[in-house]
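Right, one structure below, let's go through it.
The values are calculated or read from the model by the stated rules, or taken from the named source; none is laboratory data. No experiment lies behind these values; they were computed from the predicted model shown. Note: ideal-geometry Cβ built from the backbone for every residue, glycine included; neighbour counts use all protein chains shown.
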Amino acid sequence: MQGLLNSEYWNSSILHQGTRESGMVNPDGGNMDVLTGRITREVYFDPSKLIGKDGKVLASTVDETKQAEMLYKPVKVVQELASEKIVLVRDEFDQVHRLTSEGLLTVKAEAKEGVPDILDLNDFSEMSLLESLRSRYARDEVYTFVGPILISINPYKWNHALYSESAMIHHHTQAKEHLAPHLFKVADASYVAFINDGSKLPANQSIIISGESGAGKTEAMKIIMQYLARITHYRVAATPDSTSDSLTGASAAILGAAASGTTAAAAPHLEVGELEKKVLSTNPFLESFGNAKTLMNDNSSRFGKYVKIQFGATGRIVGAEITNYLLEKTRIVRQAEGERNFHIFYQIIRGGDKDLLADLCLDEKDGTGAFRYLTHGHCTDIAGKSDADDFKVTMECMTAIGLDARLQRTMLELVAAVLHLGNVSFQDAGEGGSVPEPSTQRHLELAARFLNLDAGEMQKTFCSKQITTRKDETVVKPNDAAEAADKRDTLAKTVYSCVFNWLVRRLNMTIAADKCWGFMGVLDIYGFEAFEHNSFEQLLINFANETLQNQFNRHIFEMEQEDYEREGIDWSYVSFNDNQPCLALLDSRYYREAGAPEGEAAGGAVAATGGKTGASCLFNILDDVKSVGGGPRKADARFLSALHTTFAGKSEAYVRPRLHSDVCFGVKHYAGLVLYEVDGFVERNVENLHQNVRALALSSTDPLIRDDILLDVKLFEERSHRKKGGAGAGPGSAGRGGKGGGSRLREASLSSQFRSSLATLVETLDMTTPRYVRCVKPNHEKLSGHFDSKEILRQLRYAGMMEAIRIRQQGYALREPHSVMYKQFARLVPGCASLPDLVEKLSRMLNVDAREWQMGVSKVFMRKSMAEKLARLLELRVKFGAHTIQRAWTRLRRHRAAVRLQATIRKYQTRRRFLAFVRGLSAAQAMCRMRNARRAYLVGRRGVIQLQAHVRSFLCVQEYRRITNPYNKLEEDALLRLIIELEADAKTAEERKAFDECVAVAEKMKMVDCALTSVREAREPLPYTRKSLEEKVAEVESAIEDMSLRKNFVACSKLQIELQSLIELRRLMPTRQEVLNDIAALQTSIDEHFQCKKFKACDEVQLQVKVLELKFRDILNAKEPSAAEATGFRGRGDLEAAVKAAEEELMHLEAAKNFAACQKAQEEVNRLSGMRKLFPTSAEKEHEIEHLEAAI
């Protein structure tokens, strides 16, 4: 070690390794400042490592919400107190926390950036997994691989481009190593592997989808099925110069990625065949009957299903087969607060037409609120969801899968029967008996009618029970109201579950193929559950997840072995632990004898069919206890006591709680410890279908209901008869696993049926190549973009991700390519020319062997402890080199500072001289600009002064001429007289050829015209036109008449004055006729004066006539409108239209008997009719001409 830490090495090696701009890469993931030598690194924030100033561990220094957000988030290290083993960190909220340094993991850059496959991380851990997922989720990259597992985080928003047809084609035709994680990638990889490179035998595949409610399992399954349905019909249209056929089915899957040239020139196309449409129609159909709204999910699947998509030899889909598991029947009769029943109930009521609802008697005013089974959760609506629209889709799917109108009607009647059963209530009738309440008797009769049962027998079955004595005598006892309601709920659950199973059978009959080449299975299964109160259903669900996790562990272990063998690694040093103890506790088929090799239990055959079936296990004990008489509580107590006695301290997977051990027990699952409350275990394990209820259900008169839909009840009844026939074996034989009645009894239990179906499922999965999709719910609020670290980490643990980490860490957890390994650690041993030489020397230096690390074909495999040793050694070397670089940098910085100081002084002096020169130059430029500007200003000023002088001179001449004009003070009439006289003088002078007099007269005429123009311009404009003046005069005259009638003489006098002023205005605006009348009157006056020999007066009046003609020249020259034009009509057509309108108005008034208005209307008709003469037609004109000719 000391020989390696010398300055010669650092001068020759480290300085030539290079740095990353401002810092060097720290092997622990931080960046080192080359100036200070300090490593700025980030660690994962772990609230469990928070400590106070007194050194005690704190539960938390942040609230629970922030703690959930901050869990395992990167935080910057502010200071490390090595002596106290304390690290000060600063979070993103700029708060400083104290953490213990023990166990803190450094954040690597690759984890912070997020990688497509988590197994590519060098430091693969729970924290790096969460950080990588967080980084990718922030970029809307919701899919991430963890080896063979695809993690899908629900984005709570739909990205159309991510699931478009072009995206499907891209994932199907491109090279798979270049594709980002996606559901399409998983489906396409399964399909290509299924085709098996064109071999004659298929390689059956399975895609296992799991996760919590609301994590997106149902949507993921639909996306995968839609991809397979379309991609198996993939076509590439041939180009005009191409002679090859289009690729379809298996050929497209095999050759699509290779034919990149053809793909670029062709038009890809996807289509869906009729059979594929039927297969896809099963999704919304099953969602209607098997999905419901829960607190965590608006469309939660309340059953598990395994869909076998069957393929033919051409790679096309030929059918599908569906297997369902564990329908949540308790939801039919009871829902939690804020949850709904199955969707189909609400769809019928809100989507059915009036006739259908009337026939099913579901047309209640309150709608869904009128049925008790739909109102337990006080939630009947889902935001953004239309039950009416979904009902249409459901009915279309029924038709698509081949259900005719009769089957559809029968199915809807049975659903309605369940609703009516829920509305039947019971009341105590004395002596421990009960009867239906009268108000609900109608619902009982309706339920019986739809089930084709006798209403009286149904009431009798609900309100009484039959007890068979040891002497095979039957005793009938009454049921109280609670027992009757329990039987009612039992029948409702039985009917609905039988309907659901019948629908699945019908689906399989419709879409399943008789023969198929191979299949691809898609499993949508409920995720691991651990609540505050866990019951029998949670044990079955967790057992299913435990079984699938065992299958997953075996698959991961096999992949690890393949990786080791491919790289040539000796994996005899590696051992793996599985969850076999937990499975052996629950199911005897997983029991392994002491000393048996671990691989046997994980081999699949033992789990599916082998094992020691007679060994004691939890479910066998549960089946034994239920066969013993006694009440449910006593049976549960005996079951719990048997568990404590059999497994406490003997099974490592069984836990007897310190508290409340009399009511619960614990099981160590792969995801953690879960405590189960035994209340109701025994009763729920038995399908509590009473004999008289079975007899009632099977008494239906409809063969379809009795023999087909209620087939499960019929088979249950047959098993009961067989059990009675083999009862001689005794109850004790059940515990010994014999073939007597106990065995048949065990087959009838719910747990045994579930284990058998699960074993069949595992056997099917083991015959396929599995692929895993783990759906994760990012938060409980269903918010897009919100990443709840604590909640996601819990789901990852429940999904088995930590098991994958554990399996990886039990082997060689870190794997580095040869080139990366040599480049990173060659500086530790200078002079090593090859990687094998480097590994050998480092092994001797650190005293390690092949147990710690091995070199494979392309990678170096290391255990985590070995990687930490190398990282620590490299850190010491880097720190030493940092100090050396720091000293050299300090000297260089001082030299640069001196040079910079000298340059600054020289720059200052030069700048002073330059600024002085600039100031002088600026002053000279300013003087030149001022001189030029002043010269331009003076030239312009002189021009303006000259212009002003010319204008003033012109104005003064005009004003002088106006002032010196002798005619300015004359009025308009005098000026007109003067113009007439001057015109006469001019004519006389012209006749006498006295041109000098003509010039003088013209000058006077010009002066008179100027004066006349000034007078007219100075006159105020008239406020009225002649038309408006006449209207105003008429208005004032009407007002005078009205005031005189009212005897308001004061107002009359004022109006009279106004009328006089208006009449005066008339004179200033005479009409043409008035002017002509005035001229005619003056002509008459001239004649009178002429007869009287008053020639002077004649001359005066003649002058007045000329003044009037000159004054009103414009009026006299204006054209007088004709009588037709004065009417306002453009022609005979307009007039006839007005006449017709007036006649219609008259007829309307006559019909209304408004005789006062009729008179005025008649006058208007007469007036308009009289105007017809002004607009004669051609016929009228010809008639008038003939009349005149006759007169001539």
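Can you tell me which residue among Ala383, Ala358, Ala405, Ala429 is surrounded by fewer than 20 Cβ atoms within 10 Å (Cβ to Cβ) and within 17 Å of Leu446 (Cβ to Cβ)? Talk me through it step by step, then tell me what you get.
Values: Ala383 fails: within 17 Å of Leu446 (Cβ to Cβ); Ala405 fails: within 17 Å of Leu446 (Cβ to Cβ); Ala429 fails: within 17 Å of Leu446 (Cβ to Cβ).
Only one candidate passes the filter, namely Ala358.
Which residue pairs have Cβ atoms under 6 Å apart, sit 6 or more places apart or on different chains, and have a first residue in the stretch 1151-1177 that is among the small types (Gly, Ala, Ser) and a second that is at pLDDT 85 or above?
Pairs that qualify, where the first residue is among the small types (Gly, Ala, Ser) and the partner is at pLDDT 85 or above, are Ala1157/Leu1149; Ala1161/Glu1145; Ala1161/Leu1146; Ala1161/Leu1149.
For the stretch 1047-1092, what are the residues that are outside any helix (DSSP H, G or I) and either at positive phi or not β-branched (Val, Ile, Thr) (or both)? Give the steps one after another, and end with the answer.
Our first condition is that a residue be outside any helix (DSSP H, G or I); within the stretch 1047-1092, this holds for 1047-1048, 1069-1071, 1092.
Scanning the stretch 1047-1092 gives Lys1047, Asn1048, Met1069, Pro1070, Cys1092.
Which helices (runs of 4 or more DSSP H) does the stretch 330-448 wholly contain that include 2 or more residues that are more than 30 Å from Cys463 (Cβ to Cβ) and of a type outside the set (S, T, N, Q)? Spell out how you get there, then give the answer.
On the way: elements: 330-333, 343-351, 354-359, 387-400, 405-422.
Where helices (runs of 4 or more DSSP H) fall fully within the stretch 330-448 and carry at least 2 residues being more than 30 Å from Cys463 (Cβ to Cβ) and of a type outside the set (S, T, N, Q), they are 343-351, 354-359, 387-400, 405-422.
Could you tell me which residue of the stretch 302-327 is farthest from Leu540 (Cα to Cα), considering only residues that are among the polar types (S, T, N, Q) and in contact with a Gly (Cβ under 6 Å, 6 or more places away or on another chain)? So that I can check it myself, show each step before the final result.
Going residue by residue through the stretch 302-327, those that are among the polar types (S, T, N, Q) are 310, 314, 323-324.
From the residues that got through so far, the ones that are in contact with a Gly (Cβ under 6 Å, 6 or more places away or on another chain) too are 310, 314.
On the way: Gln310: 29, Thr314: 40 Å.
Among those residues, the one meeting the criterion is Thr314.
In the stretch 1024-1033, is there at least one residue being aromatic (Phe, Trp, Tyr) and touching a residue at least 12 places away in the same chain (Cβ under 8 Å)?
yes
Yes or no, residue by residue, for (1) exposed (fewer than 10 other Cβ atoms within 10 Å of the Cβ); (2) closer than 25 Å to Asp570 by Cα; (3) among the acidic types (Asp, Glu); (4) touching a residue at least 60 places away in the same chain (Cβ under 8 Å):
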site	(1), (2), (3), (4)
Leu828	no, no, no, yes
Leu835	no, yes, no, no
Val839	no, yes, no, no
Leu846	no, yes, no, no
Phe861	no, yes, no, yes
Arg872	no, no, no, no
Arg896	no, no, no, no
Leu921	no, no, no, no
Gln925	no, no, no, no
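Of all residues in the stretch 300-357, which are in contact with a strand residue (DSSP E or B) (Cβ under 8 Å, 6 or more places away or on another chain) and of a type in the set (Ser, Thr, Tyr)?
Correct list: Ser300, Ser301, Tyr306, Thr323, Tyr325.
Going through the stretch 1067-1093 one residue at a time, which ones are without any contact (Cβ under 8 Å) to a residue 40 or more places away in the chain and either acidic (Asp, Glu) or surrounded by 15 or more Cβ atoms within 10 Å (Cβ to Cβ) (or both)?
Glu1074, Asp1078, Ile1079, Leu1082, Ser1085, Ile1086, Asp1087, Glu1088, His1089
Looking only at residues that are charged (D, E, K, R) and surrounded by fewer than 12 Cβ atoms within 10 Å (Cβ to Cβ) in the stretch 1141-1159, which one is modelled with the lowest pLDDT?
First pass over the stretch 1141-1159, keeping only residues charged (D, E, K, R): 1143-1145, 1150, 1153.
Imposing the further condition that a residue be surrounded by fewer than 12 Cβ atoms within 10 Å (Cβ to Cβ) reduces the set to 1144, 1153.
On the way: Glu1144: 88, Lys1153: 82.
The qualifying residue modelled with the lowest pLDDT is Lys1153.
Answer yes or no: is there a residue in the stretch 106-123 that is hydroxyl-bearing (Ser, Thr, Tyr), part of a helix (DSSP H, G or I) and within 19 Å of Val89 (Cβ to Cβ). It would help to see each step written out before you state the result.
Of the residues in the stretch 106-123, the ones hydroxyl-bearing (Ser, Thr, Tyr) are 106.
Imposing the further condition that a residue be part of a helix (DSSP H, G or I) reduces the set to none.
No; the residues of the stretch 106-123 include none that is hydroxyl-bearing (Ser, Thr, Tyr), part of a helix (DSSP H, G or I) and within 19 Å of Val89 (Cβ to Cβ).
Return yes when Ser206 is outside any helix (DSSP H, G or I), hydroxyl-bearing (Ser, Thr, Tyr) and over 24 Å from the mean Cα position of the chain (by Cα) and no when it is not. Working first, answer last.
Details: outside any helix (DSSP H, G or I): yes; hydroxyl-bearing (Ser, Thr, Tyr): yes; over 24 Å from the mean Cα position of the chain (by Cα): yes.
Yes: the conditions hold for Ser206.
Let's see how each residue does on (1) at pLDDT below 85; (2) hydrophobic (A, V, I, L, M, F, W, C):
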site	(1), (2)
Lys85	yes, no
Glu113	no, no
Leu121	yes, yes
Arg136	no, no
Ile151	no, yes
Pro155	no, no
Ser166	no, no
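When the residues of the stretch 124-158 are narrowed to those that are of a type in the set (A, V, I, L, M) and part of a helix (DSSP H, G or I), which ends up surrounded by the most Cβ atoms within 10 Å (Cβ to Cβ)? Let's see the steps before the verdict.
Residues of the stretch 124-158 that are of a type in the set (A, V, I, L, M), as a first pass: 127, 129-130, 133, 138, 142, 146, 149-151, 153.
From the residues that got through so far, the ones that are part of a helix (DSSP H, G or I) too are 127, 129-130, 133, 138.
On the way: Met127: 22, Leu129: 25, Leu130: 23, Leu133: 27, Ala138: 11.
So the residue we want is Leu133.
Within the stretch 168-184, work out how many residues are crowded, with 19+ Cβ neighbours inside 10 Å and either at pLDDT below 90 or touching a Leu at 6+ places or on another chain (Cβ under 8 Å) (or both). I'd like the intermediate steps shown before the answer.
Going residue by residue through the stretch 168-184, those that are crowded, with 19+ Cβ neighbours inside 10 Å are 168-169, 171-173, 181-184.
From what is left, the residues that are either at pLDDT below 90 or touching a Leu at 6+ places or on another chain (Cβ under 8 Å) (or both) are 168-169, 171-173, 181-183.
Final tally of qualifying residues: 8.
Of everything in the stretch 645-668 that's aliphatic (A, V, I, L, M) and out of contact with any Pro (no Cβ under 6 Å at 6 or more places or on another chain), which residue is surrounded by the most Cβ atoms within 10 Å (Cβ to Cβ)? If you could, list the steps in order and put the result at the bottom.
In the first step, residues of the stretch 645-668 are kept if they are aliphatic (A, V, I, L, M); the result is 648, 653, 655, 659, 663, 667.
Pick out the ones that are also out of contact with any Pro (no Cβ under 6 Å at 6 or more places or on another chain) and you get 648, 655, 659, 663, 667.
Details: Ala648: 13, Val655: 18, Leu659: 8, Val663: 15, Val667: 24.
Here the answer is Val667.
Let me spell it out: the conditions are (1) modelled with pLDDT of 85 or more; (2) aliphatic (A, V, I, L, M); (3) closer than 18 Å to His171 by Cα, and Ile209 meets all of them except one. Which number is the exception?
Failing condition for Ile209: (3).
Could you please find all residues in the stretch 427-454 being under 18 Å from Thr490 (Cα atoms), of a type in the set (Gly, Ala, Ser) and either at pLDDT 90 or above or out of contact with any helix residue (DSSP H, G or I) (no Cβ under 8 Å at 6 or more places or on another chain) (or both)?
Ala447, Ala448 - these are the residues of the stretch 427-454 that are under 18 Å from Thr490 (Cα atoms), of a type in the set (Gly, Ala, Ser) and either at pLDDT 90 or above or out of contact with any helix residue (DSSP H, G or I) (no Cβ under 8 Å at 6 or more places or on another chain) (or both).
Rundown of residues vs (1) assigned to a helix (DSSP H, G or I); (2) not β-branched (Val, Ile, Thr), yes/no style:
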| position | (1), (2) |
| --- | --- |
| Glu981 | yes, yes |
| Glu997 | yes, yes |
| Lys1004 | yes, yes |
| Val1008 | yes, no |
| Arg1016 | yes, yes |
| Pro1021 | no, yes |
| Lys1027 | yes, yes |
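Out of curiosity, is Lys515 closer than 30 Å to Arg316 by Cβ and modelled with pLDDT under 90?
On the way: closer than 30 Å to Arg316 by Cβ: yes; modelled with pLDDT under 90: yes.
Taking the combined requirement at face value, the residue satisfies it.
Does Lys1054 meet the test of being more than 28 Å from Lys1111 (Cα to Cα) and of a type in the set (D, E, K, R)? Spell out how you get there, then give the answer.
On the way: more than 28 Å from Lys1111 (Cα to Cα): yes; of a type in the set (D, E, K, R): yes.
Criteria met by Lys1054.
Looking for whichever is more than 30 Å from Ile511 (Cα to Cα) and among the polar types (S, T, N, Q) here; the options are Thr394, Thr461, Thr410. Which one fits?
Details: Thr394 fails: more than 30 Å from Ile511 (Cα to Cα); Thr410 fails: more than 30 Å from Ile511 (Cα to Cα).
Unique residue meeting the criteria: Thr461.
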